[in-house]
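To keep things clear, I will list the structure first and then write my remarks on it.
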Amino acid sequence: MSEDLEMQQRRLRAKNALDDLSNMRGMGTELVTVIIPPDRAIHDVRQQLSQELGQASNIKSKQTKKHVSDAIESAISSINNMKATPENGIALFTGHVIVGNNKTRMTTIVIDEPPEPFRSFRYRCDSTFEVTQLEDMLIDKTCYGIFVIDRGEAAYGVASGKSVHCQEEIQSNIMGKHRQGGQSAQRFERLIEEHAHKFFKRTAEHASSYWLGMIDNMEGIIIGGPGGTKDQVLKGEFFHHEIAKLVRKPTFDVGYSNESGLRELVQRAGGLMHEIELDAERQLVDQFLTEIMQQHPKATYGEMMVRSALEQGAVDTLLLSEGLRKIRQAYTCRQCQHGWQITAERLVEIPPCPSCNAASDQIRDDPDNTISLMDELTLMAGHSSSKVKLISMDTEEGATLMEAFAGLAALLRYPWS
């Protein structure tokens, strides 16, 4: 799996977990949050949780005491086999969650591969889970370089999310109109153009030097200005070659070439910024939609067909919607020891055993063999060197993939059925 895909999936898993956790509630202060940063020793946390378990026996309400004890024991069980804290730390969210009709269900969510390291240790027992650190690491850090210029001044910076940061404003000090005639006019005109060339070069070098330090997180460079100077700068190839690759067209007319101009540029170019991010996804879904209309399509959809195509190595690119939330839930029957998996939404009712028909109270979850459908299919794709693309739901095409094809499709290497 590529590092970029792995990071996308880490962020998506964390985002999905955050969505689930934010909606979960306990009957009382029964939900336990344990966040362990990378520099906190596991055995110290295990010891602290054991002490908390002892103190839980002092809770007066029998139900609350039982639920809190269950949650702490679940947290201890989750870290018992760990010899060391994971590289980015680990977060445990566990407790009896309300599932409707005054009923609760014991739920444990473990995040052991967060997209960024957890910052600090946290133990909390409350009616909701503590998700602040998770929210902070999911703030979008991708950004756009923004640059405005005319012959009098220039400014550059970055735009990220709703914020605009102006790194520097630069004055040109280029000479204005003059009264000299004859040969002096030509000389002054030449001097002005030389000063302008040096100014364009200087501002482009300053901006390039600033942007190169964050180039891995940059989606593109947007350029604007009051007149034709911005296009002149582009044609002059003043930017560093790595930065020049990120320059997006068209350029934009704005009224100023200072910090106010940067803010106006973001307003005018907002559509372009969004399109840059989504265009590649849109093209993939369009390719899929075109292909399935062919007589012998090199595309398929639906879990059963996609799974079969992956097993036979026929998938070139696996398309997974970010809205795909299903899991491959594993169960084990206490009566006949039969184990099985089903594809289901999260927090569904426990089914009876398909082998001996034992009631749901005889069935237990098998967390060691439970995996999200997205992760399972990604692993299968890796076995046949298939590419995997995560498709957002921010475009009409992305929404179509989720709504019409259950968020799961594949472009194939050859026609297959």
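With contacts defined as alpha carbon pairs under 8 Å and 6 or more residues apart, what's the relative contact order of segment 3-137 in percent?
Details: 236 pairs, mean separation 53.7, N = 135.
40 percent.
What percent does the relative contact order of segment 143-277 come to when contacts are Cα pairs within less than 8 Å and at least six residues apart?
On the way: 212 pairs, mean separation 44.8, N = 135.
It rounds to 33 percent for segment 143-277.
Rounded to the nearest 20 Debye, what is the dipole magnitude of the chain about its Cα centre when Lys and Arg each give +1 and Asp and Glu each give -1 at the C-beta? It would help to have the intermediate numbers written out before the result.
Values: 46 positive and 58 negative charges, 97 e Å.
Dipole size: approximately 460 debye.
What residues qualify as long-range amide H neighbours of Thr104, i.e. H under 5 Å apart, gap of 5 or more or another chain, H built at 1.01 Å from N?
Excluding prolines and chain starts, which carry no amide H, the hits are Val99.
Go through Ile342, Thr395, Ala381 and say which Cα lies farthest out towards the positive end of the charge dipole of segment 331-417; charges sit on Cβ, +1 for Lys and Arg, -1 for Asp and Glu.
The listed residue farthest towards the positive side: Ala381.
Pick out, from Val97, Asn58, Gln8, the residue whose Cα sits farthest towards the positive end of the charge dipole of segment 7-151, with +1 on the Cβ of Lys and Arg and -1 on the Cβ of Asp and Glu.
Of Val97, Asn58, Gln8, it is Asn58.
Net charge within 11 Å of Glu349 by Cβ-Cβ distance, Lys/Arg positive one each and Asp/Glu negative one each, not counting Glu349 itself?
+1
Per residue of segment 152-160, what does 6.51 cos²θ - 1.76 cosθ + 1.60 with θ = phi - 60° give for ³J(HN,Hα)? Whole Hz please, x for Gly and Pro, Karplus curve as stated.
x, 7, 8, 8, 8, x, 9, 10, 9
When the Karplus curve 6.51 cos²θ - 1.76 cosθ + 1.60 is applied with θ = phi - 60°, which whole-Hz ³J(HN,Hα) does each residue of segment 226-242 get, with x for Gly and Pro?
For segment 226-242, the Karplus curve yields x, x, x, 4, 4, 6, 5, 5, 4, 5, x, 6, 7, 6, 4, 4, 6 Hz.
For the cross-link pairs Lys245/Lys389; Lys66/Lys103; Lys249/Lys387; Lys15/Lys389; Lys15/Lys298, which exceed 25 Å when the distance is taken from alpha carbon to alpha carbon?
In this structure, Lys249/Lys387; Lys15/Lys298 exceed 25 Å between Cα atoms.
For segment 28-41, what does the Karplus curve 6.51 cos²θ - 1.76 cosθ + 1.60, with θ = phi - 60°, yield as ³J(HN,Hα) per residue in whole Hz, taken in order and with x for Gly and Pro?
In residue order, the calculated couplings are x, 7, 10, 9, 9, 10, 10, 10, 10, x, x, 8, 9, 6 Hz.
Sequence-distant or interchain residues sharing an amide H contact under 5 Å with Val254, placed H: which?
Gly225
Output the peptides 308-314, 205-211, 355-361 sorted from most to least packed, where packing is the average of other Cβ atoms within 10 Å over each peptide's residues.
Highest-to-lowest ranking by the protection proxy: 205-211, 308-314, 355-361.
Going through segment 209-257, which trypsin sites (Lys or Arg not before Pro) have at most 15 other Cβ atoms within 10 Å and a DSSP loop state?
Hits after loop and neighbour filter: Lys245.
Go through (1) 22.7; (2) 21.1; (3) 28.1 and flag the label whose value is the computed mean projected area of the Cα convex hull in nm² for this structure.
(3)
Measure out, as a whole number of angstrom, how far apart the alpha-carbon centroids of segment 301-323 and segment 61-80 sit.
If you average the Cα positions of each part, the centres end up 39 Å apart.
On a C-alpha basis, how far is the centre of segment 200-224 from the centre of segment 354-417 in Å? Whole number, if you could?
If you average the Cα positions of each part, the centres end up 40 Å apart.
Mean-square fluctuation check for the chain, GNM, Cα pairs under 10 Å: which of Gln267, Gln335, Gln186 is largest?
Comparing Gln267, Gln335, Gln186 in a Gaussian network model of the chain, the most mobile one is Gln186.
Could you work out the relative contact order of the chain, using alpha carbon pairs under 8 angstrom and six or more residues apart, expressed as a whole percent? The partial results should precede the final answer.
Working: 709 pairs, mean separation 55.5, N = 417.
Worked out over the chain, it gives 13 percent.
Taking amide hydrogens as modeled 1.01 Å from N in the peptide plane, which residues meet the under 5 Å criterion relative to Val247, leaving out close sequence neighbours?
Close amide H contacts, sequence-distant or interchain: Ile221.
No value in this document is a laboratory result; all are computed from the given coordinates. Computed from a prediction, not measured in an experiment: that's the story for all the values here. Methodologically, a virtual Cβ is constructed for each residue, glycine included, from the backbone with ideal geometry; neighbour enumeration extends over all protein chains shown.
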